[in-house]
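Report on the structure given below.
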Amino acid sequence: MSDTQTPAPAKLNPATMARQQVELAAKQLDIDPGVLQKITATKRELTVHFPVRMDDGSLRMFTGYRVQHNDTRGPFKGGIRYHPDTDLDEVRALAMWMTWKAAVVHIPFGGAKGGVQCNPKEMSPHELERLTRRFTWELIPVLGPERDIPAPDVYTNPQVMAWIMDTYSIMHGHTVPGIVTGKPLELGGSLGRFEATGRGVFITASEAARHLGLNIEGARVVVQGSGNVGGVAARMFARAGAKVLAISDSRGGVHNPHGLDVERVLSCKNQYQCFISDRLEASDITNAELLELDCDILIPAAMECVITKDNAPRVRARIVVEGANGPTTPEADEMLHDAGVFMVPDILANAGGVTVSYFEWVQNLQNLLWSEDEIDSRLSGIMRKAFSEVLAISHQKKLPMRTAALMLGIDRVAKAQELRGVYP
Ligand code: GLU
């Protein structure tokens with residue numbers, strides 16, 4: 001059969017997924033339909049096509065997006081990702097999730113997201129710098145420390161944030177640290193920001209375990225991803241005495257049913273940019289196999305839509321903690337719920353990153369420096385409170401944790417919208 005006769009399976013659309021989630025949650029809330037329409041609509045979408053001079057002297061065009069979903073509760077806030085597969089619909093969904101996420105942890109931000117279609121693994125640091133500076137320049141009209149504050153996301157890092165800050169500052173004639181969060185410490189970054197998302201995942205996973213009477217010490221944990229979310233979370237679980245059975249990156253991972261030496265695994269990845277199973281007393285495992293391992297806690301901390309209706313029946317974890325944004329499709333969500341899996345949804349589980357971004361922004365605006373202990377204890381307080389608020393709604397209404405988290409977030413945005421009213 002030729003390719004034209006076999007239709008490719010429809011690609012899951014994260015924007016559709018985000019809308020379906022809102023519909024589910026909104027059914028449980030008493031929100032004026034007009035207000036609901038206003039807060040689910042995207043406020044502003046910017047698509048830019050821009051040239052970058054490559055190292056070989058050629059010019060290449062790139063496409064980037066900044067979607068500002070909602071700023072009812074505060075300035076737009078959200079990361080920028082560099083990924084070959086990013087597109088407007090993905091960025092739209094991620095921007096909406098940022099709005100609910102900031103509201104769930106009750107920090108005064110709205111939601112936005114950005115992305116550039118590129119493969120940073122195939123670009124040199126100079127090319128990435130030129131791409132970042134030009135993209136920042138394209139976004140200048142919509143950014144600002146009181147308007148829209150970017151941060152790192154998939155394949156962007158503190159260095160990329162430093163270039164954004166420098167470009168924005170040059171354009172404004174003075175240094176503006178509060179334009180971006182997730183910066184290097186030397187440029188006004190916050191202690192604890194790099195670890196914040198992984199730490200938040202660990203905190204909410206520990207709360208979920210406590211709720212189910214599961215001891216973290218000895219718990220069997222599987223982590224998809226080894227970046228600043230998965231890698232940091234894996235390290236925290238190992239330090240707390242959990243057995244981390246598997247870790248992966250985008251190409252696959254390593255597995256040891258008795259538990260990996262997480263520090264060795266991460267330093268191998270750091271040194272060689274890959275896992276070398278022979279050196280790690282582990283066997284190779286694909287990302288698909290990893291998600292189906294028998295474990296207590298599964299942490300998808302890489303990309304969206306990895307747990308679908310096709311593999312959900314084979315997920316054997318007791319608890320799923322979503323380090324990534326949108327890793328579980330709505331159909332899979334329902335199947336996991338029916339199978340009794342306890343879900344800590346993304347807008348709660350990975351909210352540690354934006355929470356410490358908020359701390360960084362506050363420190364920048366006030367020229368203050370908080371200690372790491374202060375950051376960690378504030379983060380822990382916020383994450384635990386959000387977890388218990390979501391759990392209370394889930395119990396009260398007998399609804400899944402995701403619906404409960406969305407209800408909490410959407411209701412807070414709706415209330416803010418009602419108070420602000422509509423201009424004119
Ligand atoms: N990209 C992260 C997220 O998806 C952090 C966003 C931020 O700190 O603004 O939550």
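The values are calculated or read from the model by the stated rules, or taken from the named source; none is laboratory data. Just so you know, these numbers come straight off a predicted model, no measurement behind them. As a convention, Cβ positions derive from the backbone with ideal geometry for all residues, glycine included, and neighbour counts pool all protein chains shown. What goes into the accessible areas is simple: the full protein's heavy atoms, side chains included, and nothing from ligands, DNA or RNA. Shrake-Rupley method; radii C 1.70, N 1.55, O 1.52, S 1.80 Å.
Using the heavy atoms of the protein chains and a 1.4 angstrom probe, tell me the accessible area per residue for the chain in square angstrom.
I get 43 Å² per residue for the chain.
Divide, for the range 250-369, the radius of gyration over alpha carbons by 2.2 N^0.38 Å, where N is the residue count.
1.27
Over the range 223-296, what portion of Cα pair distances is larger than 21 Å, expressed as a whole percent?
11 percent
For the peptides 209-221, 354-366, what is the packing order when you average, over each peptide's residues, the other Cβ atoms within 10 Å and list the highest mean first?
Top of the packing list down: 354-366, 209-221.
Could you work out the relative contact order of the chain, using alpha carbon pairs under 8 angstrom and six or more residues apart, expressed as a whole percent?
Over the chain, the number comes to 17 percent.
Cα centroid distance between the range 84-154 and the range 246-261, in Å?
30 Å
In Å and on Cα atoms, what radius of gyration and Dmax does the range 79-205 show?
Taking only Cα atoms of the range 79-205, I get Rg and Dmax of 14.4, 44 Å.
Given only helices, namely DSSP H runs of n ≥ 4 each adding -39500 (n - 2.57), what is the per-residue ellipticity at 222 nm of the chain, to the nearest 500 deg cm²/dmol?
-14000 deg cm²/dmol
Run the numbers on the range 101-228 and let me know its relative contact order in percent, using alpha-carbon pairs under 8 Å that are six or more apart.
Once normalised by length, the contact order is 16 percent.
Over all directions, average the projected area of the Cα convex hull of the range 1-111 and note it in nm².
If I average the Cα hull's projected area over directions, I get 11.0 nm².
Computed over the Cα atoms of the chain, what is the convex hull's projected area averaged over all directions, in nm²?
22.7 nm²
Given Cα pairs under 8 Å that are at least 6 residues apart, what percent is the relative contact order of the range 34-188?
Contact order relative to length: 23 percent.
Along the Cα→Cβ direction, 7 angstrom out, place labels at residue 210 and residue 270. What is the inter-label distance in nm?
Once both label points are built, they end up 2.9 nm from each other.
At a 1.4 Å probe radius, carbon and sulfur cover how many percent of the accessible area of the chain?
52 percent
Rg/Rh for the range 308-414 to two decimals, with Rh computed the Kirkwood way over all alpha-carbon pairs.
Rounded to two decimals, Rg over Rh is 1.06.
Taking 20 °C and 1.002 mPa s as the conditions, I'd like the Stokes-Einstein D for the range 168-294 in µm²/s, using the Kirkwood hydrodynamic radius from alpha carbon pairs.
The diffusion coefficient I find is 134 µm²/s.
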